[in-house]
1. When segment 10-65 is examined, which residues are found to be within 15 Å of residue 84 (Cα to Cα) and assigned to a loop (DSSP other than H, G, I, E, B)?
2. Tell me, yes or no, whether segment 52-63 has at least one residue that is at pLDDT below 95, over 22 Å from residue 94 (Cβ atoms) and out of contact with any strand residue (DSSP E or B) (no Cβ under 7 Å at 6 or more places or on another chain).
3. Take the conditions more than 16 Å from the ligand (Cβ to nearest atom) and touching a residue at least 12 places away in the same chain (Cβ under 8 Å) and apply them to residue 22. Does it pass?
Ligand SMILES: [Zn+2]
């Protein structure tokens with residue numbers, strides 16, 4: 001059990017929250033142009049690190065809002081909490097998150113971030 005600080009409600013016990021998977025997954029805009037392998041990669045392939053992991057959480061027994069968490073999966077230490085649409089914070093000595101999933105196909109296409117914001121397919 002650990003404490004998560006909801007960006008809107010403040011610190012609460014983990015049991016008030018629900019895990020929503022890896023953060024910063026880029027959704028391909030032209031999914032019908034993807035190969036089966038690329039689509040399967042987007043749907044199913046996720047990082048499973050021991051250490052820093054960027055995750056989505058929802059305060060399901062509180063404000064019901066989604067937000068992102070940078071958490072050390074080995075120690076459950078919360079390194080950062082930030083709202084959807086905000087850039088991940090710079091964490092000293094840590095790599096910023098890199099999105100999973102196939103980037104958009106074709107020139108000029110943009111992908112939609114899991115946050116629902118138009119991204120660049122970073
Ligand atoms: Zn909340």
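1. 23, 24, 25, 59, 63, 64, 65
2. Looking for residues that are at pLDDT below 95, over 22 Å from residue 94 (Cβ atoms) and out of contact with any strand residue (DSSP E or B) (no Cβ under 7 Å at 6 or more places or on another chain), one finds none in segment 52-63, hence no.
3. Answer is yes for this residue.
The values are calculated or read from the model by the stated rules, or taken from the named source; none is laboratory data. Note that this is a predicted model, so its numbers are computed, not measured. Neighbour counts run over all protein chains shown; Cβ positions are idealised from the backbone, glycine included.
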